[in-house]
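Written out below as C-alpha cells is the structure these notes cover.
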Amino acid sequence: MASSNVTVDTEIPPPNKHPYHLVDPSPWPMVASLAAGLMLFGIIVFAHNDTRWVFLVGLLGVLVSMFYWFRDVVREARTPGLHTPVVRLGLRYGMILFIASEVMFFVAFFWAYFHFALYPEHVSGAARAVWPPAGILTFDPFHLPLLNTLILLLSGTTVTWAHHSLVKGDRKGMVQGLGITVLLGLLFTFFQAVEYAEAPFAFSGGGIYPSVFFLATGFHGFHVIIGTIFLAVCWFRARAGHFTPQRHFGFEAAAWYWHFVDVVWLFLFICIYVLGAGPTAH
C-alpha cells in the first residue's frame, strides 16, 4: 500500500525570468580540490617516509568538504523554484557525462591489464612469456570474489526496489531498499579488505601483476565507498521526506552511479579473476 507520507509535487515558477539556475558562490570546490591534492601528496609522503599525518589532514579536509557541499546542494534542491524542468534536464545530462568519463577512467585500467595479459612478453624481466607471470599465485575466483559479485548484484536489485517504491509513492519501501543497499555496500568493502589482507602477492615489489590488480580493483573499491556514501546521504534524505515521485534526481543519480559500479565489477570479475586466473593460493 502506498505511504501517505509522500506528497505530490507541484511545479513552482522560478524566482527569475528565465528557467535556469545560477548557483551561489561556494568555497567548497576550491577547498575540496586543495584537500584532495594534499591527500594524494600525503600518499606519496607515506610511501616514501612512512609519515601519515599529511594524508590524514588531506582526508579530513575532503570529508569536511563533502559534508558541507552535500549540505549546500540539498538546500539548493529544497529551495522552491530553483530546480526547474530545464535545470533537472541539465543535471541529468551532467550525470550521464560524468559516468561516461568514469567509463573511460576504467577503460585505461583494463587497457593496462590486457596489454600485459595478451602480450606477456612485454613484462620486463620475464623469463617466460606467460600470464599471470611465473611465481604469481592468484585468487580463487569462486571464493571471496564470487561472494562479492553476488553481494553487488543483490545491491543492484535492492536499489531498484527502492526506486520503484519511490515512484509508486511507497516511502517505507524506499527507505528499506536504500538501507539494505547501503549495508550491502559496506559488506562488499569489508570482504574486499579481507581479500586484500589475504592477498598471496605483495602490494609493492611484487611486479606488474599486483600493480595492475590493485590499481583496477582498488579504484573500483574506492568507487564503491563513494557510492555507499552517496546512497547513505539519500537514505537520510528519504527518511526526512525530501524525495517525491516527481522530484528525486539526487536519488536517481546515486542509483545510476551504483549500477555503473556494479557493471564495472562484473567486467573485473570476468576479466581479471576468472579469465586471468592462474595457480591459486588456496
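The values are calculated or read from the model by the stated rules, or taken from the named source; none is laboratory data. This one's a predicted model, so the numbers in the text were calculated from it and none came from an experiment. Methodologically, a virtual Cβ is constructed for each residue, glycine included, from the backbone with ideal geometry; neighbour enumeration extends over all protein chains shown. Heads up: the accessible areas ignore ligands, DNA and RNA and are worked out on the full protein's heavy atoms, side chains in. Shrake-Rupley method; radii C 1.70, N 1.55, O 1.52, S 1.80 Å.
What is the residue count in the range 1-22 for residues that are in contact with a Leu (Cβ under 9 Å, 6 or more places away or on another chain) and modelled with pLDDT of 70 or more?
Of the residues in the range 1-22, 1 are in contact with a Leu (Cβ under 9 Å, 6 or more places away or on another chain) and modelled with pLDDT of 70 or more.
Anything in the range 38-85 that is of a type in the set (Phe, Trp, Tyr), in contact (Cβ under 8 Å) with a residue 40 or more places away in the chain and open to solvent by less than 70 Å² (accessible area, probe 1.4 Å)? List them, or say none.
Once the filter is applied, which keeps residues that are of a type in the set (Phe, Trp, Tyr), in contact (Cβ under 8 Å) with a residue 40 or more places away in the chain and open to solvent by less than 70 Å² (accessible area, probe 1.4 Å), the range 38-85 yields only PHE70.
Exactly one condition in (1) of a type in the set (S, T, N, Q); (2) open to solvent by 30 Å² or more (accessible area, probe 1.4 Å); (3) assigned to a helix (DSSP H, G or I) is false for SER204; which is it?
(3)
Within the range 173-188, how many residues turn out to be surrounded by 20 or more Cβ atoms within 10 Å (Cβ to Cβ), of a type in the set (A, V, I, L, M, F, W, C) and within 20 Å of HIS223 (Cα to Cα)?
4
Do we find a residue being assigned to a helix (DSSP H, G or I) and over 29 Å from ALA232 (Cα atoms) anywhere in the range 14-25?
no
When the range 136-162 is examined, which residues are found to be of a type outside the set (Val, Ile, Thr), assigned to a helix (DSSP H, G or I) and crowded, with 21+ Cβ neighbours inside 10 Å?
PRO145, ASN148, LEU152, SER155, ALA162
In this structure, is CYS271 more than 16 Å from THR138 (Cβ to Cβ) and either assigned to a helix (DSSP H, G or I) or open to solvent by less than 10 Å² (accessible area, probe 1.4 Å) (or both)? If you could, list the steps in order and put the result at the bottom.
On the way: more than 16 Å from THR138 (Cβ to Cβ): no; either assigned to a helix (DSSP H, G or I) or open to solvent by less than 10 Å² (accessible area, probe 1.4 Å) (or both): yes.
In short, no.
If you go through the range 65-76 one residue at a time, do you hit one that is under 30 Å from PRO19 (Cβ atoms), of a type in the set (S, T, N, Q) and at pLDDT 85 or above?
Taking every residue of the range 65-76 in turn, at least one turns out to be under 30 Å from PRO19 (Cβ atoms), of a type in the set (S, T, N, Q) and at pLDDT 85 or above.
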